[in-house]
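Student: My questions will all concern the structure given below.
The values are calculated or read from the model by the stated rules, or taken from the named source; none is laboratory data. Because the structure is predicted, anything quoted here is derived from the model rather than measured. Positions of Cβ are generated from backbone atoms using ideal geometry, with glycine treated the same way; all protein chains shown enter the neighbour counts. Side chains are part of the model used for accessible areas, which takes the heavy atoms of the whole protein and leaves out ligands, DNA and RNA. Shrake-Rupley method; radii C 1.70, N 1.55, O 1.52, S 1.80 Å.
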Amino acid sequence: MQTYLALLRGINVSGQKLIKMAELKNMFEAMGVLSVKTYIQSGNVLFRSDLANSEEALRERIEDEIAAVFGFQVSVILRTAEEWEQIIRDCPYDTANLKEGESIYVTLLGDRPEPEDLGRIPAADPSLEEYRVNGREVYFLFHQSIRDSKVAASLHKLKTPATTRNWNTMNKLLALARTL
C-alpha cells in the first residue's frame with residue numbers, strides 16, 4: 001500500500017473549476033482509495049492505494065473520475081510520499097535563513113522537461129528570483145513576489161502539466177503524509 005499526494009491544477013481559482021473538498025474526498029473514496037485527506041481549497045489530496053500498476057495509470061484514472069463527477073478536465077500531478085520527502089530534502093535554497101520578503105515555491109511537473117523546452121524559459125532576473133530545475137520539480141527562491149516572475153509565467157513552455165505550491169504548503173503536506 002502506497003501513500004500518494006495528488007495535486008489538482010487550477011481548481012477554485014477566480015471562480016473557475018469549483019470543487020468542494022468534501023465532494024473531492026468523497027470522489028476519491030468512491031474510487032476505492034483509503035485514508036483520504038484534503039488540505040486547503042487548492043486541490044491537495046493525500047490517500048493510500050494499491051490500485052494502480054503505474055503512476056500514469058492512477059493519474060489518468062483520477063483525471064477521468066474528476067471529469068465524470070465534476071464535468072470538467074483537471075490536470076493531476078501525482079507523487080508518492082517518498083518522492084515528496086525527497087523533494088523537500090533536495091531544495092537547493094536555505095529555507096531556514098530567508099530574508100524579509102523572500103519566499104520559496106516548488107512547481108511540480110507532470111513529466112521531466114525536454115532540454116529544448118528548458119531552453120525556452122527566460123533567464124531569471126537575479127534581483128527578483130532564482131530557480132533550479134531538478135527532475136520533475138522547479139524550485140524557486142523569490143526575493144520579492146511570485147507575481148513578478150517571468151520564469152514562473154513561462155513554465156507552460158515546458159509542455160507538461162505543472163502546479164505550484166509554496167514552501168509552507170509543501171511542508172504541511174509532508175507532515176500530513178507522515179500521518180497516513
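Student: Quick one: which residue in Leu141, Leu78 is assigned to a strand (DSSP E or B) and under 14 Å from the mean Cα position of the chain (by Cα)?
Tutor: On the way: Leu141 fails: under 14 Å from the mean Cα position of the chain (by Cα).
Going through Leu141, Leu78 in turn, the sole match is Leu78.
Student: In addition: Out of Arg9, Arg48, report the one residue that is in contact with a Ser or Thr (Cβ under 6 Å, 6 or more places away or on another chain), over 22 Å from His156 (Cα atoms) and touching a residue at least 24 places away in the same chain (Cβ under 8 Å). Working first, answer last.
Tutor: On the way: Arg9 fails: over 22 Å from His156 (Cα atoms).
Just one listed residue meets the conditions, Arg48.
Student: Suppose we filter Glu56, Glu83, Glu65 for residues that are within 23 Å of Ile11 (Cβ to Cβ), at pLDDT below 95 and open to solvent by 40 Å² or more (accessible area, probe 1.4 Å); which single one remains? Write out each step before concluding.
Tutor: Working: Glu83 fails: at pLDDT below 95; Glu65 fails: at pLDDT below 95.
None of the others qualify; the one that does is Glu56.
Student: Take Lys37 and tell me if it is farther than 24 Å from Gly135 by Cα and touching a residue at least 60 places away in the same chain (Cβ under 8 Å). Explain how you work it out, then say what you get.
Tutor: On the way: farther than 24 Å from Gly135 by Cα: yes; touching a residue at least 60 places away in the same chain (Cβ under 8 Å): yes.
Yes; evaluated as a whole, the condition is true for this residue.
Student: Take the residues in segment 104-137 that are out of contact with any helix residue (DSSP H, G or I) (no Cβ under 7 Å at 6 or more places or on another chain) and part of a strand (DSSP E or B), then tell me which one is least open to solvent (accessible area, probe 1.4 Å).
Tutor: Leu108
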